[in-house]
Amino acid sequence: MKSLPGAKSLLAFGAMAVGLSQPVLAQGTVKIGSVLSVTGPASFLGEPEDKTLRMYVERINASGGVAGKKIELVIYDDGGDANKARTFATRLVEDDKVVAMVGGTTTGTTMAMIPVFEDAQIPFISLAGGIEVVEPVRKFVFKTPHTDKMACEKIFEDLKRRNLTKIGMISGTDGFGASMRAQCVKVAPTYGLEILTEESYGPRDSDMTAQLTKIKNAAGVQAVVNPGFGQGPAIVTRNYAQLGMTGTPFYQSHGVASKSFIELAGQAAEGVRLPAAALLVADKLPENDPQKKVVTEYTKAYESTIKQPVSTFGGHAYDGLFILVEAMKRANSTDAKKVRDEIEKTKGFVGTGGIVNMSATDHLGLDLSAFRMLEIKGGDWALVQSGS
Amino acid sequence: MAEFLQFLFSGLTVGAVYALVALGFTLIYNASDVVNFAQGEFVMLGGMVTVFTAAAGVPLPLAALIAICTAVAVGLLLHRFAIEPARGASAVTLIIITIGASILLRGLAQIVFDKQFHKLPPFTGDTPIDVFGAAVQPQTFWVLGGTALVVVALYLFLEKTVLGKAVLATAANRLAARLVGINTSLIMALAFGGSAAIGAIAGILITPITLTSYDIGTLLALKGFAAAMLGGMGSPLGAVAGGLLLGLLEAFGAGYISSTYKDAFAFLVILFVLFAAPNGLFGRRMVERV
């Protein structure tokens, strides 16, 4: 496309006008960018993230902003498309000139945007689950959600405690399921676990009894793990009960940690265990839990303003935004590089996802304590006490 | 044996749904030469409308009826406002129109309903029935029975009623049908309404087993299309046979070979069948008219 000289000067004029209007505002603004999958297949992740960011930026501004400046939030919707995400990322950097970025709903969109922010040297706090976002460590890239590797470790820790060492696995072939499956297979030997049999299903499959029958007939399987996401695990859980396999302990992943899973799987979900963030069981945490305050406050704020049940995904956006805001406060500056250095120094930040301790070699900063092992009892979550 | 039966029932259930979707394809294809890629959306509408009207307090049978009527209305509107105005266009153009319609319907469903997954309670409880060692959900029998009923009803309609014969006549030769006084435009509307109803019924029957969401139609349309091709595009018998065969291939492929390659396995078989018999198992031999 040829750019029209007229349009260009118009843009320049526009930019000037914005520049001129800046001093009129009492304190000036700091621009924070975000690219989220508000629509499209990952919309159930992107939507709560979008709402959370908007709600809290409004709150922060109402209470005086950060480092003496109001936050101006620029959000683009990539519809779950990595190509679009990259285009928007470039726009955030070149046109909007943001200081930092909190966003990137899926691992796919995040990976597409990383080079843009790395080149521009702008801190990027991702909300995507995949471990490849922070491994290897990139100077300007951070993330808030737990990784699938941690979920595997949490499940295996629980299996070990129950002295179950021979497991069967059934995983979704979608990105989430495949990635977590690979991580689980990788860490299983460290926990002395043996994966006896492995099955898979397509993300849109409607019946998994054939695969489960194979697992059922495999000799010696003491527990079954289902890394998966979306409606697949709900169907697997229902088929599991249909085949009368409930005598064998069954583990789901954090990918289904929402009330709708219990609702969809119904009675069949009873007794299923899964690792999940503390946010999900805010009201059930003991009073002395360090995360109790943060998660109950976030739940209250989200549910009273948005009128929808809280999800861990919105929580990731909350964590990302506040890690950034606190870093800006500590730096007492909105200079991208200074903010980056302060993000990396985040220590003891209590978020909805866990307690974050970042370092130059760890841009996630969560350990296994960030996950709680839950069991579904009477149609609700129950915390599994260690030792049971 | 128990294992075999388990795979068999699994395959039949899924296959019955593919068969219903394939039947929908067949009906419209026969009347208009159009492969209606919005067929999957009818299945989605059946499930979603039932879920939402039932959630609003309407008893399930009535909710199901409302869902079927909604789907039929959408089918007729699709015909009236998208297919009919493009009457003279080539089949390819019409097919592209249906793809557009399917995207539109999916988008609308996202707004009108939501983006979550939903379930319906099984019609008759969810205590598995033991069939010689295989655990079968009662809903499976509803799906199989419902499919059989639809197939028989469709057969009776096509073979025993004047209107049905008019559909067959239109399918055989549209120009000749028009010459003997058949209102082919009405027949096409009928085909769209009918296949919408079949799709909706499929959606209602399977929702208790498979759950439903706004975008469940895409894959079902694809699988139903494969089933229709396997059975022979345009043959109702072929559609049913193709659907069941595809379902069974998937289940036995997953059970006896490898779940990772079950789709590949099913499509490989389809490829081989189409190599040997390009018109499908029950397809009419095409005669190219000049």
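The values are calculated or read from the model by the stated rules, or taken from the named source; none is laboratory data. Just so you know, these numbers come straight off a predicted model, no measurement behind them. Cβ sites come from the backbone with ideal geometry, for glycine too, and all protein chains shown count toward neighbours.
Values computed for the structure shown
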{"read-out": "Boolean, residue A:247 is more than 9 Å from chain B (Cβ to nearest Cβ), surrounded by fewer than 18 Cβ atoms within 10 Å (Cβ to Cβ), touching a Ser or Thr at 6+ places or on another chain (Cβ under 7 Å) and over 20 Å from residue A:205 (Cβ atoms)", "value": "no"}
{"read-out": "Per-region count, the stretch A:338-383, residues touching a strand residue (DSSP E or B) at 6+ places or on another chain (Cβ under 7 Å), assigned to a loop (DSSP other than H, G, I, E, B) and surrounded by fewer than 18 Cβ atoms within 10 Å (Cβ to Cβ)", "value": "1"}
{"read-out": "Residue in the stretch B:92-120 that is nearest to the other protein chains (Cβ to nearest Cβ), counting only those that are free of Cβ contacts under 8 Å to residues at least 60 places away in the same chain and among the small types (Gly, Ala, Ser)", "value": "B:107"}
{"read-out": "Unique residue being under 27 Å from residue B:244 (Cα atoms), among the small types (Gly, Ala, Ser) and surrounded by fewer than 19 Cβ atoms within 10 Å (Cβ to Cβ) when the list is B:176, B:148", "value": "B:148"}
{"read-out": "Of all residues in the stretch A:251-272 being surrounded by 22 or more Cβ atoms within 10 Å (Cβ to Cβ) and either away from chain B (no Cβ under 14 Å) or acidic (Asp, Glu) (or both), the one that is nearest to residue A:168 (Cα to Cα)", "value": "A:251"}
{"read-out": "Residues located in the stretch A:335-357, provided they are in contact (Cβ under 8 Å) with a residue 40 or more places away in the chain, touching a helix residue (DSSP H, G or I) at 6+ places or on another chain (Cβ under 6 Å) and farther than 19 Å from residue A:303 by Cα", "value": "A:339, A:343, A:350, A:354"}
{"read-out": "Meets criteria (surrounded by fewer than 23 Cβ atoms within 10 Å (Cβ to Cβ) and either in the same structural domain as residue A:348 (by TED's automatic domain parsing) or closer than 26 Å to residue A:29 by Cβ (or both)) for residue A:128", "value": "no"}
{"read-out": "Selection count where residues are more than 13 Å from chain B (Cβ to nearest Cβ) and surrounded by fewer than 21 Cβ atoms within 10 Å (Cβ to Cβ), scope the stretch A:189-222", "value": "11"}
{"read-out": "Residue check, residue B:188 away from every other protein chain (no Cβ under 14 Å), farther than 30 Å from residue A:199 by Cβ and either buried (at least 21 other Cβ atoms within 10 Å of the Cβ) or in contact with a helix residue (DSSP H, G or I) (Cβ under 8 Å, 6 or more places away or on another chain) (or both)", "value": "yes"}
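Residue-wise test of (1) under 30 Å from residue A:44 (Cα atoms); (2) assigned by TED's automatic domain parsing to the domain that holds residue B:42.
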| position | (1), (2) |
| --- | --- |
| B:184 | no, yes |
| B:199 | yes, yes |
| B:203 | yes, yes |
| B:258 | no, no |
